[in-house]
Amino acid sequence: MVLNDTETETEQVSHAAEAAPDFENPETRLRINPETYLKFEDGEMVTMQHLLANASVRIKYDIMLILYPMVNWVTVAELCEGWPPEDQAKIKEHLAMMYRAKLVVTDESEIATASQSGLPKRLGDNITINIENHVHMLQDTVRMASYQRAIQNQVNDGDVVLDLGAGTGILSFFAARAGASRVYAIEKRPDIVNLSTQLAIDNNLQDVVVNIESSSQSLDATDLDPRPTVMVSEIIGNAVLDEHIIEFTLDARDRLLAPGATLIPFALDLLAVPFYSGQVINMTQDVAELEAMYGFNFDLIKTVLDQKPRMQLREFNPDNALLMGKPIEVINLDFRTLTESHFETHFEVDPLEDGFIDSYCLYFRVHLDEQTILTNSPWAPKTHWTQVIYAFPNRRAVKVGEPLTVTLKYDGSFHMWYPDEWETATPASEQTDQDHQDD
(Lines give C-alpha, C1' and ligand atoms only; values in the text may rest on other atoms or scores of the structure.)
Protein backbone atom coordinates (compact mmCIF):
# COMPACT_ATOMS: atom_id res chain seq x y z
CA MET A 1 0.00 0.00 0.00
CA VAL A 2 1.22 3.46 -0.87
CA LEU A 3 0.22 6.03 1.70
CA ASN A 4 -1.32 9.37 0.88
CA ASP A 5 0.09 12.61 2.21
CA THR A 6 -2.02 12.95 5.32
CA GLU A 7 -2.62 9.51 6.84
CA THR A 8 -0.35 6.97 8.41
CA GLU A 9 -0.75 3.32 7.48
CA THR A 10 -2.25 2.58 10.90
CA GLU A 11 -4.84 5.31 10.39
CA GLN A 12 -5.72 3.99 6.95
CA VAL A 13 -6.17 0.45 8.24
CA SER A 14 -8.27 1.79 11.10
CA HIS A 15 -10.50 3.76 8.74
CA ALA A 16 -10.92 0.71 6.49
CA ALA A 17 -11.93 -1.38 9.46
CA GLU A 18 -14.48 1.21 10.58
CA ALA A 19 -16.03 1.28 7.11
CA ALA A 20 -16.09 -2.48 6.59
CA PRO A 21 -19.56 -4.07 6.57
CA ASP A 22 -20.58 -6.71 9.08
CA PHE A 23 -20.31 -10.01 7.27
CA GLU A 24 -21.36 -11.85 10.43
CA ASN A 25 -24.80 -10.34 9.87
CA PRO A 26 -26.71 -12.84 7.71
CA GLU A 27 -28.80 -10.01 6.21
CA THR A 28 -25.82 -8.07 4.84
CA ARG A 29 -26.31 -7.92 1.09
CA LEU A 30 -23.56 -7.65 -1.48
CA ARG A 31 -22.58 -8.28 -5.08
CA ILE A 32 -19.45 -8.22 -7.17
CA ASN A 33 -18.20 -4.86 -8.37
CA PRO A 34 -18.37 -5.49 -12.14
CA GLU A 35 -15.92 -2.72 -13.05
CA THR A 36 -13.05 -3.51 -10.70
CA TYR A 37 -9.98 -4.95 -12.40
CA LEU A 38 -8.48 -8.21 -11.20
CA LYS A 39 -4.83 -8.90 -11.90
CA PHE A 40 -3.34 -12.35 -12.45
CA GLU A 41 0.23 -13.32 -11.64
CA ASP A 42 1.16 -13.20 -15.34
CA GLY A 43 0.15 -9.53 -15.48
CA GLU A 44 -3.13 -9.96 -17.34
CA MET A 45 -5.96 -7.80 -16.05
CA VAL A 46 -9.67 -8.31 -16.57
CA THR A 47 -12.76 -6.82 -15.03
CA MET A 48 -14.78 -8.89 -12.60
CA GLN A 49 -17.65 -8.80 -15.04
CA HIS A 50 -15.47 -10.25 -17.79
CA LEU A 51 -13.99 -12.84 -15.45
CA LEU A 52 -17.36 -14.29 -14.51
CA ALA A 53 -18.52 -14.26 -18.12
CA ASN A 54 -15.40 -16.21 -19.12
CA ALA A 55 -14.79 -18.63 -16.28
CA SER A 56 -11.08 -18.88 -15.65
CA VAL A 57 -9.42 -22.03 -14.40
CA ARG A 58 -6.78 -19.85 -12.77
CA ILE A 59 -9.14 -18.82 -9.98
CA LYS A 60 -9.45 -21.29 -7.13
CA TYR A 61 -12.60 -23.33 -7.34
CA ASP A 62 -13.85 -22.37 -3.87
CA ILE A 63 -13.46 -18.67 -4.65
CA MET A 64 -15.41 -19.07 -7.88
CA LEU A 65 -18.25 -20.79 -6.01
CA ILE A 66 -18.54 -17.65 -3.89
CA LEU A 67 -18.25 -15.22 -6.80
CA TYR A 68 -20.82 -16.72 -9.16
CA PRO A 69 -23.90 -16.11 -6.96
CA MET A 70 -22.79 -12.50 -6.46
CA VAL A 71 -23.42 -11.51 -10.07
CA ASN A 72 -26.70 -10.30 -8.58
CA TRP A 73 -27.43 -8.95 -5.11
CA VAL A 74 -27.30 -11.71 -2.50
CA THR A 75 -27.23 -11.89 1.31
CA VAL A 76 -24.53 -13.48 3.45
CA ALA A 77 -27.11 -16.03 4.59
CA GLU A 78 -27.83 -17.04 1.00
CA LEU A 79 -24.13 -17.41 0.23
CA CYS A 80 -23.55 -19.60 3.28
CA GLU A 81 -26.63 -21.74 2.86
CA GLY A 82 -25.80 -25.44 2.70
CA TRP A 83 -22.16 -25.02 3.73
CA PRO A 84 -20.72 -26.59 6.92
CA PRO A 85 -19.94 -24.09 9.74
CA GLU A 86 -16.18 -24.20 9.14
CA ASP A 87 -16.70 -23.38 5.44
CA GLN A 88 -19.12 -20.58 6.32
CA ALA A 89 -16.35 -18.98 8.39
CA LYS A 90 -14.01 -19.20 5.40
CA ILE A 91 -16.64 -17.66 3.15
CA LYS A 92 -16.99 -14.69 5.47
CA GLU A 93 -13.21 -14.29 5.56
CA HIS A 94 -13.16 -14.30 1.76
CA LEU A 95 -15.93 -11.71 1.65
CA ALA A 96 -14.04 -9.36 3.96
CA MET A 97 -10.90 -9.80 1.89
CA MET A 98 -12.73 -9.17 -1.39
CA TYR A 99 -14.46 -6.12 0.05
CA ARG A 100 -11.11 -4.60 1.07
CA ALA A 101 -9.84 -5.31 -2.45
CA LYS A 102 -12.97 -3.61 -3.88
CA LEU A 103 -13.99 -6.80 -5.66
CA VAL A 104 -17.40 -6.73 -3.97
CA VAL A 105 -19.69 -3.90 -2.84
CA THR A 106 -22.52 -3.72 -0.33
CA ASP A 107 -24.33 -0.74 -1.79
CA GLU A 108 -25.10 0.42 -5.34
CA SER A 109 -23.37 3.74 -4.66
CA GLU A 110 -20.06 1.94 -4.02
CA ILE A 111 -19.84 0.61 -7.57
CA ALA A 112 -18.78 3.93 -9.05
CA THR A 113 -16.44 4.57 -6.14
CA ALA A 114 -14.85 1.16 -6.16
CA SER A 115 -14.34 1.18 -9.90
CA GLN A 116 -12.09 4.20 -9.60
CA SER A 117 -8.96 2.10 -9.62
CA GLY A 118 -6.82 5.02 -10.72
CA LEU A 119 -3.93 6.51 -8.86
CA PRO A 120 -4.97 9.41 -6.59
CA LYS A 121 -2.30 11.80 -5.30
CA ARG A 122 1.18 10.40 -5.95
CA LEU A 123 0.15 6.94 -7.17
CA GLY A 124 -2.44 6.45 -4.43
CA ASP A 125 -3.29 3.37 -2.43
CA ASN A 126 -4.94 1.20 -5.06
CA ILE A 127 -2.26 0.15 -7.54
CA THR A 128 -3.33 -3.00 -9.33
CA ILE A 129 -1.02 -2.94 -12.36
CA ASN A 130 1.92 -5.32 -12.53
CA ILE A 131 4.53 -2.59 -12.78
CA GLU A 132 7.31 -5.18 -12.65
CA ASN A 133 6.07 -6.63 -15.93
CA HIS A 134 6.19 -3.20 -17.57
CA VAL A 135 9.70 -2.58 -16.25
CA HIS A 136 10.71 -5.98 -17.64
CA MET A 137 9.48 -4.91 -21.09
CA LEU A 138 11.27 -1.55 -20.81
CA GLN A 139 14.47 -3.46 -20.01
CA ASP A 140 14.17 -5.40 -23.27
CA THR A 141 16.74 -3.39 -25.19
CA VAL A 142 16.13 -5.27 -28.45
CA ARG A 143 12.43 -4.39 -28.32
CA MET A 144 12.97 -0.80 -27.25
CA ALA A 145 15.77 -0.03 -29.71
CA SER A 146 13.77 -1.51 -32.60
CA TYR A 147 10.66 0.54 -31.85
CA GLN A 148 12.65 3.70 -31.19
CA ARG A 149 14.44 3.37 -34.53
CA ALA A 150 11.25 2.66 -36.49
CA ILE A 151 9.39 5.56 -34.88
CA GLN A 152 12.28 7.90 -35.56
CA ASN A 153 12.28 6.76 -39.19
CA GLN A 154 8.53 7.00 -39.78
CA VAL A 155 7.20 9.88 -37.64
CA ASN A 156 7.66 13.30 -39.20
CA ASP A 157 7.24 16.78 -37.76
CA GLY A 158 3.55 17.54 -37.33
CA ASP A 159 2.34 13.94 -37.60
CA VAL A 160 -0.60 12.87 -35.45
CA VAL A 161 0.11 9.48 -33.89
CA LEU A 162 -2.16 6.82 -32.42
CA ASP A 163 -0.42 4.62 -29.81
CA LEU A 164 -2.62 1.53 -29.57
CA GLY A 165 -2.35 -0.23 -26.20
CA ALA A 166 -0.02 2.45 -24.87
CA GLY A 167 0.85 0.94 -21.49
CA THR A 168 3.37 3.16 -19.71
CA GLY A 169 3.42 5.44 -22.75
CA ILE A 170 7.02 4.91 -23.80
CA LEU A 171 6.16 4.60 -27.51
CA SER A 172 4.07 7.76 -27.25
CA PHE A 173 7.08 9.53 -25.76
CA PHE A 174 9.27 8.31 -28.63
CA ALA A 175 6.73 9.66 -31.10
CA ALA A 176 6.60 13.03 -29.35
CA ARG A 177 10.38 13.21 -29.38
CA ALA A 178 10.38 12.39 -33.12
CA GLY A 179 8.24 15.48 -33.84
CA ALA A 180 4.61 14.41 -33.55
CA SER A 181 2.29 17.35 -32.90
CA ARG A 182 -0.15 15.12 -31.02
CA VAL A 183 -0.12 11.54 -29.76
CA TYR A 184 -3.29 9.73 -28.73
CA ALA A 185 -2.22 7.15 -26.13
CA ILE A 186 -5.06 4.61 -26.02
CA GLU A 187 -5.13 2.28 -23.02
CA LYS A 188 -8.17 0.58 -21.50
CA ARG A 189 -6.85 -0.04 -17.97
CA PRO A 190 -7.63 2.97 -15.77
CA ASP A 191 -4.78 2.53 -13.31
CA ILE A 192 -2.07 2.48 -15.95
CA VAL A 193 -3.72 5.37 -17.81
CA ASN A 194 -3.30 7.44 -14.68
CA LEU A 195 0.28 6.27 -14.34
CA SER A 196 1.17 7.12 -17.96
CA THR A 197 -0.61 10.47 -17.67
CA GLN A 198 1.56 11.39 -14.71
CA LEU A 199 4.67 10.17 -16.52
CA ALA A 200 3.83 12.47 -19.44
CA ILE A 201 3.55 15.40 -17.03
CA ASP A 202 6.82 14.44 -15.34
CA ASN A 203 8.52 14.52 -18.75
CA ASN A 204 6.85 17.77 -19.95
CA LEU A 205 4.96 15.97 -22.70
CA GLN A 206 1.41 16.61 -21.47
CA ASP A 207 0.79 19.15 -24.25
CA VAL A 208 1.53 16.53 -26.92
CA VAL A 209 0.50 13.19 -25.41
CA VAL A 210 -3.26 12.83 -24.88
CA ASN A 211 -4.11 9.81 -22.71
CA ILE A 212 -7.46 8.17 -23.46
CA GLU A 213 -8.90 5.50 -21.19
CA SER A 214 -10.70 3.22 -23.62
CA SER A 215 -10.43 0.24 -25.86
CA SER A 216 -9.76 1.40 -29.42
CA GLN A 217 -12.79 -0.60 -30.53
CA SER A 218 -15.00 1.63 -28.36
CA LEU A 219 -13.82 4.82 -30.09
CA ASP A 220 -14.89 6.32 -33.38
CA ALA A 221 -13.22 8.80 -35.70
CA THR A 222 -14.93 11.78 -34.07
CA ASP A 223 -13.05 11.02 -30.84
CA LEU A 224 -9.72 11.64 -32.60
CA ASP A 225 -9.54 15.08 -34.18
CA PRO A 226 -7.36 15.45 -36.16
CA ARG A 227 -7.24 11.86 -37.35
CA PRO A 228 -3.93 10.04 -36.87
CA THR A 229 -1.49 9.82 -39.75
CA VAL A 230 0.66 7.21 -38.00
CA MET A 231 -0.27 4.28 -35.76
CA VAL A 232 2.20 2.48 -33.52
CA SER A 233 1.33 -0.54 -31.44
CA GLU A 234 3.03 -3.26 -29.44
CA ILE A 235 0.27 -5.77 -28.83
CA ILE A 236 2.48 -8.72 -29.66
CA GLY A 237 2.29 -11.94 -27.68
CA ASN A 238 4.71 -14.84 -27.65
CA ALA A 239 2.60 -16.44 -30.38
CA VAL A 240 2.41 -13.00 -32.09
CA LEU A 241 -1.37 -13.11 -32.64
CA ASP A 242 -2.43 -14.09 -29.13
CA GLU A 243 -3.01 -10.47 -28.08
CA HIS A 244 -5.23 -10.00 -31.13
CA ILE A 245 -2.96 -7.64 -33.03
CA ILE A 246 -4.74 -8.43 -36.32
CA GLU A 247 -8.20 -7.60 -35.04
CA PHE A 248 -7.19 -4.39 -33.28
CA THR A 249 -4.96 -3.18 -36.12
CA LEU A 250 -7.49 -3.70 -38.90
CA ASP A 251 -10.28 -2.14 -36.87
CA ALA A 252 -8.23 0.98 -36.09
CA ARG A 253 -6.90 1.21 -39.65
CA ASP A 254 -10.37 1.15 -41.17
CA ARG A 255 -12.21 3.34 -38.66
CA LEU A 256 -9.83 5.66 -36.84
CA LEU A 257 -6.85 6.51 -39.04
CA ALA A 258 -6.46 8.98 -41.85
CA PRO A 259 -6.40 7.35 -45.31
CA GLY A 260 -2.96 5.97 -46.13
CA ALA A 261 -1.72 6.25 -42.55
CA THR A 262 1.63 4.70 -41.70
CA LEU A 263 1.45 1.51 -39.62
CA ILE A 264 4.15 0.48 -37.13
CA PRO A 265 4.33 -2.50 -37.45
CA PHE A 266 3.05 -2.88 -41.00
CA ALA A 267 3.53 -6.65 -41.43
CA LEU A 268 4.37 -9.85 -39.60
CA ASP A 269 5.48 -13.39 -40.35
CA LEU A 270 4.84 -16.54 -38.35
CA LEU A 271 7.45 -19.29 -38.64
CA ALA A 272 7.60 -22.90 -37.47
CA VAL A 273 10.49 -25.29 -36.83
CA PRO A 274 9.75 -29.03 -36.54
CA PHE A 275 11.77 -31.06 -34.05
CA TYR A 276 11.78 -34.26 -32.05
CA SER A 277 11.79 -34.00 -28.26
CA GLY A 278 11.14 -37.62 -27.34
CA GLN A 279 8.87 -36.46 -24.53
CA VAL A 280 5.48 -38.08 -24.05
CA ILE A 281 2.67 -35.59 -23.43
CA ASN A 282 0.16 -37.32 -21.19
CA MET A 283 -2.62 -35.47 -19.42
CA THR A 284 -4.60 -38.57 -18.49
CA GLN A 285 -3.61 -38.24 -14.84
CA ASP A 286 -4.75 -34.59 -14.82
CA VAL A 287 -8.18 -35.60 -16.12
CA ALA A 288 -8.38 -38.49 -13.65
CA GLU A 289 -7.93 -35.98 -10.84
CA LEU A 290 -10.79 -33.91 -12.27
CA GLU A 291 -12.98 -37.00 -12.37
CA ALA A 292 -12.23 -37.64 -8.70
CA MET A 293 -12.90 -33.97 -7.85
CA TYR A 294 -16.26 -33.66 -9.60
CA GLY A 295 -17.49 -37.27 -9.68
CA PHE A 296 -18.13 -37.40 -13.43
CA ASN A 297 -16.83 -39.56 -16.27
CA PHE A 298 -14.44 -37.56 -18.49
CA ASP A 299 -13.22 -40.39 -20.75
CA LEU A 300 -14.18 -38.38 -23.84
CA ILE A 301 -11.90 -35.54 -22.71
CA LYS A 302 -9.04 -38.04 -22.37
CA THR A 303 -9.70 -39.26 -25.92
CA VAL A 304 -9.62 -35.72 -27.33
CA LEU A 305 -6.43 -34.91 -25.42
CA ASP A 306 -4.77 -37.98 -26.88
CA GLN A 307 -5.30 -36.59 -30.39
CA LYS A 308 -4.35 -32.94 -30.06
CA PRO A 309 -1.23 -30.89 -29.47
CA ARG A 310 -0.50 -29.09 -26.26
CA MET A 311 0.82 -25.54 -26.39
CA GLN A 312 3.58 -24.45 -24.05
CA LEU A 313 5.33 -21.11 -23.54
CA ARG A 314 9.03 -21.60 -22.95
CA GLU A 315 12.42 -20.75 -24.35
CA PHE A 316 13.47 -23.06 -27.13
CA ASN A 317 17.15 -23.93 -27.40
CA PRO A 318 17.81 -25.30 -30.89
CA ASP A 319 21.20 -26.65 -29.75
CA ASN A 320 19.43 -29.04 -27.38
CA ALA A 321 16.81 -30.27 -29.85
CA LEU A 322 16.83 -32.67 -32.78
CA LEU A 323 15.75 -30.37 -35.60
CA MET A 324 13.80 -32.27 -38.24
CA GLY A 325 13.31 -29.44 -40.72
CA LYS A 326 14.36 -25.93 -41.61
CA PRO A 327 12.34 -22.89 -40.40
CA ILE A 328 9.15 -22.60 -42.43
CA GLU A 329 7.24 -19.40 -43.15
CA VAL A 330 3.73 -20.39 -42.18
CA ILE A 331 1.99 -17.08 -42.83
CA ASN A 332 2.88 -13.60 -44.06
CA LEU A 333 0.44 -10.82 -43.17
CA ASP A 334 0.59 -7.25 -44.48
CA PHE A 335 -1.64 -4.98 -42.37
CA ARG A 336 -1.74 -2.37 -45.14
CA THR A 337 -3.72 -4.65 -47.47
CA LEU A 338 -5.07 -7.40 -45.20
CA THR A 339 -8.87 -7.66 -45.15
CA GLU A 340 -9.57 -10.77 -43.05
CA SER A 341 -8.54 -11.13 -39.42
CA HIS A 342 -8.86 -14.92 -39.33
CA PHE A 343 -7.22 -17.50 -41.54
CA GLU A 344 -6.49 -21.15 -42.16
CA THR A 345 -3.32 -22.19 -43.92
CA HIS A 346 -1.31 -25.31 -44.71
CA PHE A 347 2.45 -25.68 -44.71
CA GLU A 348 4.75 -28.52 -45.66
CA VAL A 349 7.66 -29.93 -43.70
CA ASP A 350 10.55 -31.35 -45.71
CA PRO A 351 12.29 -33.72 -43.24
CA LEU A 352 16.05 -33.30 -42.98
CA GLU A 353 16.44 -36.98 -42.10
CA ASP A 354 14.42 -40.11 -41.48
CA GLY A 355 13.01 -40.14 -37.98
CA PHE A 356 10.19 -38.65 -35.96
CA ILE A 357 8.53 -35.28 -35.36
CA ASP A 358 6.56 -34.63 -32.19
CA SER A 359 6.83 -30.85 -31.70
CA TYR A 360 6.93 -27.49 -33.45
CA CYS A 361 8.54 -24.27 -32.29
CA LEU A 362 6.61 -21.17 -33.43
CA TYR A 363 8.17 -17.71 -33.49
CA PHE A 364 7.54 -14.38 -35.19
CA ARG A 365 9.15 -11.70 -37.32
CA VAL A 366 7.44 -8.32 -36.99
CA HIS A 367 8.22 -5.69 -39.64
CA LEU A 368 8.18 -2.33 -37.87
CA ASP A 369 9.30 -0.57 -41.03
CA GLU A 370 11.21 -1.54 -44.16
CA GLN A 371 14.53 -1.40 -42.30
CA THR A 372 13.55 -2.73 -38.86
CA ILE A 373 12.53 -6.28 -38.01
CA LEU A 374 11.75 -7.46 -34.49
CA THR A 375 11.81 -11.20 -33.83
CA ASN A 376 11.73 -13.73 -31.02
CA SER A 377 13.57 -16.28 -33.14
CA PRO A 378 15.57 -18.72 -30.99
CA TRP A 379 18.58 -17.87 -33.18
CA ALA A 380 18.28 -14.10 -32.59
CA PRO A 381 19.32 -11.98 -29.58
CA LYS A 382 17.14 -12.75 -26.60
CA THR A 383 14.05 -10.62 -25.88
CA HIS A 384 11.42 -10.72 -23.12
CA TRP A 385 9.30 -12.91 -25.42
CA THR A 386 9.66 -16.68 -25.31
CA GLN A 387 8.71 -19.09 -28.07
CA VAL A 388 5.60 -21.24 -28.41
CA ILE A 389 5.98 -25.00 -28.50
CA TYR A 390 3.24 -27.19 -29.95
CA ALA A 391 3.86 -30.68 -28.56
CA PHE A 392 1.82 -33.45 -30.17
CA PRO A 393 0.80 -36.44 -28.01
CA ASN A 394 2.02 -38.91 -30.63
CA ARG A 395 5.21 -38.75 -32.63
CA ARG A 396 4.92 -38.74 -36.42
CA ALA A 397 7.26 -40.92 -38.48
CA VAL A 398 8.82 -39.02 -41.40
CA LYS A 399 11.20 -39.79 -44.25
CA VAL A 400 13.43 -37.64 -46.41
CA GLY A 401 11.67 -36.78 -49.66
CA GLU A 402 8.18 -37.31 -48.22
CA PRO A 403 6.78 -33.89 -47.19
CA LEU A 404 4.45 -33.73 -44.21
CA THR A 405 1.45 -31.38 -44.40
CA VAL A 406 0.40 -29.42 -41.31
CA THR A 407 -2.64 -27.16 -40.91
CA LEU A 408 -2.65 -24.02 -38.79
CA LYS A 409 -5.83 -22.06 -38.15
CA TYR A 410 -6.38 -18.76 -36.37
CA ASP A 411 -9.91 -17.72 -35.42
CA GLY A 412 -9.07 -15.67 -32.35
CA SER A 413 -7.00 -18.54 -30.98
CA PHE A 414 -4.59 -21.00 -32.58
CA HIS A 415 -5.42 -24.51 -33.78
CA MET A 416 -2.93 -26.94 -35.26
CA TRP A 417 -3.33 -30.45 -36.67
CA TYR A 418 -2.33 -32.95 -39.32
CA PRO A 419 -5.11 -32.92 -41.94
CA ASP A 420 -4.61 -36.59 -42.81
CA GLU A 421 -5.23 -37.58 -39.18
CA TRP A 422 -7.82 -35.05 -38.02
CA GLU A 423 -10.58 -34.00 -40.39
CA THR A 424 -11.98 -31.19 -38.25
CA ALA A 425 -10.03 -28.48 -36.51
CA THR A 426 -9.10 -29.20 -32.92
CA PRO A 427 -8.13 -26.28 -30.68
CA ALA A 428 -4.71 -26.26 -29.13
CA SER A 429 -4.82 -26.33 -25.35
CA GLU A 430 -3.97 -23.53 -22.94
CA GLN A 431 -4.54 -20.22 -24.71
CA THR A 432 -1.90 -17.59 -24.02
CA ASP A 433 -4.35 -14.77 -24.02
CA GLN A 434 -6.59 -15.80 -22.47
CA ASP A 435 -8.68 -13.77 -22.73
CA HIS A 436 -10.50 -15.94 -22.18
CA GLN A 437 -11.59 -19.45 -21.97
CA ASP A 438 -15.05 -20.73 -21.28
CA ASP A 439 -15.34 -23.73 -19.01
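Here are the numbers for this structure:
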quantity: Flag if Ile63 is at pLDDT 70 or above, closer than 30 Å to Val287 by Cα and within 32 Å of the chain's Cα centre (by Cα); calculated: no
quantity: Test set (1) surrounded by fewer than 19 Cβ atoms within 10 Å (Cβ to Cβ); (2) over 13 Å from Ala252 (Cα atoms); (3) not aliphatic (A, V, I, L, M) - Asp223 fails condition number; calculated: (2)
quantity: Whichever residue in the range 173-192 is over 16 Å from Leu257 (Cβ atoms) and over 17 Å from the mean Cα position of the chain (by Cα) and, among such residues, is surrounded by the most Cβ atoms within 10 Å (Cβ to Cβ); calculated: Ala176
quantity: In the range 308-331, the residues that are exposed (fewer than 14 other Cβ atoms within 10 Å of the Cβ) and either outside any loop (DSSP other than H, G, I, E, B) or within 21 Å of the chain's Cα centre (by Cα) (or both); calculated: Arg314, Glu315, Asp319, Asn320, Glu329
quantity: Hey, Leu205 buried (at least 16 other Cβ atoms within 10 Å of the Cβ) and either of a type in the set (Val, Ile, Thr) or without any contact (Cβ under 8 Å) to a residue 40 or more places away in the chain (or both) or not; calculated: yes
quantity: Residues located in the range 226-254, provided they are of a type in the set (S, T, N, Q) and closer than 22 Å to His134 by Cα; calculated: Ser233, Asn238, Thr249
quantity: Sole exception among (1) in contact with a helix residue (DSSP H, G or I) (Cβ under 8 Å, 6 or more places away or on another chain); (2) of a type outside the set (A, V, I, L, M, F, W, C); (3) under 18 Å from Phe392 (Cα atoms) for Ser341, by number; calculated: (3)
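Conditions tested, residue by residue: (1) at pLDDT below 90; (2) out of contact with any Leu (no Cβ under 7 Å at 6 or more places or on another chain); (3) part of a loop (DSSP other than H, G, I, E, B); (4) of a type in the set (Gly, Ala, Ser).
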residue	(1), (2), (3), (4)
Thr345	no, no, no, no
Glu353	no, yes, yes, no
Phe364	no, no, no, no
Val406	no, yes, no, no
Glu423	yes, yes, yes, no
Asp439	yes, yes, yes, no
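The values are calculated or read from the model by the stated rules, or taken from the named source; none is laboratory data. Values in this document were obtained by computation on a predicted structure and should not be read as measured data. Note that we place each Cβ from the backbone using ideal geometry, even for glycine, and neighbour counts take in every protein chain shown.
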